[in-house]
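Undergrad: Handing you a structure now.
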Amino acid sequence: MALGKHWEPTEFESEIYARWEESGAFVADASSDKPAFTISLPPPNATGTLHVGHSIVLAIEDAMIRWRRMAGDEALWVPGTDHAAIATESVVIARHQKDGMADPRGELGRDELVRRIAAFVEESRSTIRSQIRAMGASVDWSRERYTMDPALNRCVNEVFARMFADGLIYRGPRIVNWDPHLQTTVSDDEIYHETRRAKFYTLRYGPFLVGTSRPETKLGDTAIAVHPDDERYQQYIGKTYEIEWPKGPTISVRVVTDLNVDPEFGTGCLGVTPAHSAIDFEIAQKNDLPLIQVIGEDGCMTDAVGPHYAGMTVKECRRAFTAELEAAGLLAEVKDYDQQLSLGDRSKKAVEPLPKEQWFIDVNKPVVEWKGKRCSLKDVMRETVASGDITILPEHEERKYFHWIENLRDWCISRQIWWGHRVPVWTKDGCEPHAGHVSPADAGKGEGWAQDPDTLDTWFSSALWTWSTLVDPELTKDASIDFETLLAKSPDYQRFHPTAVLETGYDILFFWVARMILMTTYATGEIPFKTVYLHGLVLDRDGDKMSKSKPETSVDPLEAIEEYGADVLRLALLQGNAPGKDLRLSDERLTGCKRLINKLWNATKLVLMTLGDERPQDVPQTPSHPLNAWMLTRLDQLIESMDRRLEGWHLGDATEMVRTSFWGEFCDTYLEAIKVPELAESPETKQVLLHAVRTYLALFHPFMPFVTEHLWTEIGGADADALIRSAWPTSGRRKPEQTTGADAVVRLIGSARRVRAEQEIDPHSKVALLVRARAHADVIESCRSVIERLVKTESLTITDAETELPADAAVAVESEFDVAVQMGAADRAAARTRLEKQLEKTEAQLVGVEKRLANENFVSRAKPEAVERARADAESQRMTIAAIRERLAAL
């Protein structure tokens, strides 16, 4: 079938993808003896839609997988979706509320609400699947997983039970991040901070002055903390004071010491509110202080603040309480300051530190066996990266990782929502808690047990993703099989774990990547992956985050696929990309990538026309024509260079390498050169030509798979019907020094073309060209007809190094030759006319600037920088005039 005028992605992409999928091209074989290469796709939300963050993940990971599959690995790319507990439950509840149900939880109950959420998710998962397909992602759909699959739930419960038995999971009162809007806890990593202008209050507090940004919490203070060495407060340490708040409770506070109190900050006195600050909670634990909770889970003041303030919102109480303090003369000072406000990542609402009984993972308890030592989870997380077992790219992200590890606190893993993996713990009066993947009743412990109502943090199940997705689902159905046996008898786990690369955004290094290291090393005794590749953010044209409020500068990936095709979007996301580097995506960038695909399309069309029905399979090892030898050598060098860059995961560099070689060496040089009869009629030229185009299609394939697959089919693949199944090109190891003469010819052509462009010679005009060769004169002479065609010469003289160059020629100098380009009379006349017009215009501009500078009013009244700018303009114009006159004299 003849190629059309342009590549039409909407006509071919879905059909090509279906052909790949139906042929089993994506399916990995666990029984093969090839080296394993595995990537676990970061699971998008099951109810989500494709956004630019997903797009760059799919583009990068598919390039990795396709390269390693073609390079001979047994490549497995595991797809799946995440149940996204808080987000999904919020969406479903909001839908029911919109339909008129005031309290979906209360009206439906737990079982029915969970059933409806599950049904909603199942209906929605097909959307994200189709969008992953639209990107061309060669994931193994036969191994698709979902974080709420029964098999993955078994893994979650097994790990929880093991950690519980090891004393790593415990339940206790702690200060947690409570989201009053979502009515659940959120982890430290699910919080972001905004700086806002706020008030800082200084209160008269018995004999002290205490500063605070949250005066309403002082209604629940139980201590005042000072530094143990602060001389100002030595007489007060250990004493207890009764503080009567206006229209509020009388609180009893004890003066305690703490090394963390900064005596230089404010008054050096810290009001301790153990129920509403993690720092204050720790002080209370050390000093056996009571907790008084003054803010409830609904975000309103509790009865502990007295009837006047109880029931008020936090802001209402702050206004009322400070007004009473001022009236009582207890408000010493109020000033403005910049406050760091903690907001929930999901709700975008203020988060309250509240005391709650929660489930935690202890990261400091040394009970984990790792490389023959007993370590804490924190120790193992640090050691895996410090030892080089896991490499993080870019390297500077390792410093952030270690900093995060050093400041890691016990992980709160429970959430007060219904959708998600329910905490697998049952309790019964008079019995030890039961934790496991089977209920106490099924374990033969009788009836009367109650399961904990909380669910687990989404990141708990996501942290098991690299290995839980490889456990045999059939084996997990047998409750009698223990955890070690599950792993030992799961072929995919044994074959494909640890995974090779974890590719994701640097913004979730701590949310997900670090937790996978924590949980996988504990559960399996293995690292989850060998390399962490952290891509940067995809920004809009102006360098800002993509936003629906700025559609004129943002790119919707689904719209981009519809308009340009998936290959263009993928290429735009890969070109110039590097680990950790933010990337600007715009319509202009997409248009530039479309030009490359059109160039590939048109070049292949020309090759097909040149070859006709011939498909020579042999490639000459030592071609007779220098340019055929040069083309093969340059392809060898390109393959070797790309292999080196790809092995270091420099995908952007590899993409640029093949683009530059294809456009400059193949299209602009070789395809033009073979139009010369002596090359066009040579049988070896068709051999080289077919080999070259097949090589470029294969090298481009990981980055833009659809168009390359289509063109491969049209031209006839060398070793496979489908490009996706063909081998990655290998270098013929030709020696570059054997084609140095041809290299000189190509550089000579480039130099002559550059001189033509600099002299602004009409592209259609012919020139007289003199080449003064200091080396490779014989090769240059053998390529005479090629030089004449590509440079467009009316005459070509090739001489030795002693020959004088024409005085009126434009010259380019190289180590092996000099090139002198002489214009014809018509071009010289046109150039003179053009330069004379430019001279006249520039002289007029200079006169205008000099008049301004001669005007005393301008010089005395204008801003100094404006005067300096005018002087600089004048000097620049004088230099331009001199250069124009020099060129006119040469003409």
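The values are calculated or read from the model by the stated rules, or taken from the named source; none is laboratory data. What you see is a predicted model; the values in this text were computed from it and never measured. All Cβ positions, glycine included, derive from the backbone under ideal geometry; neighbour counts span all protein chains shown. What goes into the accessible areas is simple: the full protein's heavy atoms, side chains included, and nothing from ligands, DNA or RNA. Shrake-Rupley method; radii C 1.70, N 1.55, O 1.52, S 1.80 Å.
Undergrad: Go through the range 243-254 residue by residue and tally those that are in a loop (DSSP other than H, G, I, E, B) and open to solvent by 70 Å² or more (accessible area, probe 1.4 Å).
TA: Residues meeting the conditions: 1.
Undergrad: Can you find, within the range 655-684, the residue that is surrounded by the most Cβ atoms within 10 Å (Cβ to Cβ) among those that are farther than 15 Å from Leu632 by Cα and free of Cβ contacts under 8 Å to residues at least 40 places away in the same chain?
TA: Across the range 655-684, the extreme among qualifying residues is Met657.
Undergrad: Considering the range 335-362 alone, what residues qualify as being at pLDDT 95 or above and of a type in the set (A, V, I, L, M)?
TA: Selection gives Ile361 alone.
Undergrad: Given Val380, Val438, Val385, which one is modelled with pLDDT of 95 or more and more than 24 Å from the chain's Cα centre (by Cα)?
TA: Result: Val380 is the single residue among Val380, Val438, Val385 that is modelled with pLDDT of 95 or more and more than 24 Å from the chain's Cα centre (by Cα).
Undergrad: Still on this structure, please answer the following. When Thr469 is evaluated against the numbered criteria (1) under 25 Å from Gly525 (Cβ atoms); (2) out of contact with any helix residue (DSSP H, G or I) (no Cβ under 9 Å at 6 or more places or on another chain); (3) of a type in the set (Ser, Thr, Tyr), which criterion, by number, is the only one it fails?
TA: (2)
Undergrad: Scan the range 56-92 for residues that are within 27 Å of Asp454 (Cβ to Cβ) and open to solvent by 30 Å² or more (accessible area, probe 1.4 Å) and jot them down.
TA: Answer for the range 56-92, where residues must be within 27 Å of Asp454 (Cβ to Cβ) and open to solvent by 30 Å² or more (accessible area, probe 1.4 Å): Ser90, Val91.
Undergrad: Name the residues in the range 289-315 that are exposed (fewer than 15 other Cβ atoms within 10 Å of the Cβ) and under 16 Å from Ile251 (Cα atoms), would you?
TA: Pro290, Asp303, Pro307
Undergrad: Go through the residues of the range 568-576 one by one and say whether even a single one is open to solvent by less than 10 Å² (accessible area, probe 1.4 Å), aliphatic (A, V, I, L, M), in contact (Cβ under 8 Å) with a residue 40 or more places away in the chain and touching a Pro at 6+ places or on another chain (Cβ under 7 Å).
TA: Yes - at least one qualifying residue is present in the range 568-576.
Undergrad: Taking the range 457-469 on its own, how many of its residues are open to solvent by less than 30 Å² (accessible area, probe 1.4 Å) and in contact with a Lys or Arg (Cβ under 7 Å, 6 or more places away or on another chain)?
TA: Final tally of qualifying residues: 3.
Undergrad: What residue, among those in the range 126-153 that are small (Gly, Ala, Ser) and part of a helix (DSSP H, G or I), is nearest to the chain's Cα centre (by Cα)?
TA: Ala134
Undergrad: Residues that are crowded, with 22+ Cβ neighbours inside 10 Å and in contact (Cβ under 8 Å) with a residue 24 or more places away in the chain, at least 3 per element: which helices (runs of 4 or more DSSP H) completely within the range 470-565 meet that?
TA: 514-524
Undergrad: Could you check the range 323-359 and list, in sequence order, the residues that are assigned to a strand (DSSP E or B) and more than 21 Å from Ile295 (Cα to Cα)?
TA: Leu331, Ala332, Glu333, Val334, Lys335, Asp336, Tyr337, Asp338, Trp359
Undergrad: Something else about it: Against the conditions (1) assigned to a helix (DSSP H, G or I); (2) touching a strand residue (DSSP E or B) at 6+ places or on another chain (Cβ under 9 Å), where does Ala320 fall short? Just the number, please.
TA: Result: Ala320 passes all but (2).
Undergrad: If I ask for residues that are part of a helix (DSSP H, G or I), over 15 Å from Asn628 (Cα atoms) and open to solvent by 10 Å² or more (accessible area, probe 1.4 Å), which ones from the range 713-740 would you list?
TA: Scanning the range 713-740 gives Thr713, Glu714, Arg725.
Undergrad: Right, next: Working only within the range 845-860, note down all residues that are small (Gly, Ala, Ser) and closer than 10 Å to Gln877 by Cβ.
TA: Gly848
Undergrad: Of all residues in the range 655-685, which are of a type in the set (Gly, Ala, Ser) and in contact with a Ser or Thr (Cβ under 8 Å, 6 or more places away or on another chain)?
TA: Ala680, Ser682
Undergrad: Restrict the check to the range 593-614 and report whether at least one residue is open to solvent by 10 Å² or more (accessible area, probe 1.4 Å), polar (S, T, N, Q), at pLDDT below 95 and not in a loop (DSSP other than H, G, I, E, B).
TA: Checked against the condition, which is being open to solvent by 10 Å² or more (accessible area, probe 1.4 Å), polar (S, T, N, Q), at pLDDT below 95 and not in a loop (DSSP other than H, G, I, E, B), the range 593-614 yields at least one hit.
Undergrad: From (1) touching a Pro at 6+ places or on another chain (Cβ under 6 Å); (2) of a type outside the set (Gly, Ala, Ser); (3) modelled with pLDDT under 95, pick out the condition that doesn't hold for Gln416.
TA: Going through the list (1) touching a Pro at 6+ places or on another chain (Cβ under 6 Å); (2) of a type outside the set (Gly, Ala, Ser); (3) modelled with pLDDT under 95, Gln416 breaks only (1).
Undergrad: In the range 755-772, is there at least one residue being in contact with a strand residue (DSSP E or B) (Cβ under 6 Å, 6 or more places away or on another chain) and part of a loop (DSSP other than H, G, I, E, B)?
TA: yes
Undergrad: Can you find a residue in the range 707-717 that is out of contact with any helix residue (DSSP H, G or I) (no Cβ under 6 Å at 6 or more places or on another chain), of a type in the set (Val, Ile, Thr) and touching a residue at least 12 places away in the same chain (Cβ under 8 Å)?
TA: Taking every residue of the range 707-717 in turn, at least one turns out to be out of contact with any helix residue (DSSP H, G or I) (no Cβ under 6 Å at 6 or more places or on another chain), of a type in the set (Val, Ile, Thr) and touching a residue at least 12 places away in the same chain (Cβ under 8 Å).
Undergrad: Identify the single condition in (1) part of a helix (DSSP H, G or I); (2) more than 28 Å from the chain's Cα centre (by Cα); (3) not basic (Lys, Arg) that Gln617 does not satisfy, given that it satisfies every other one.
TA: Status for Gln617: all satisfied but (1).
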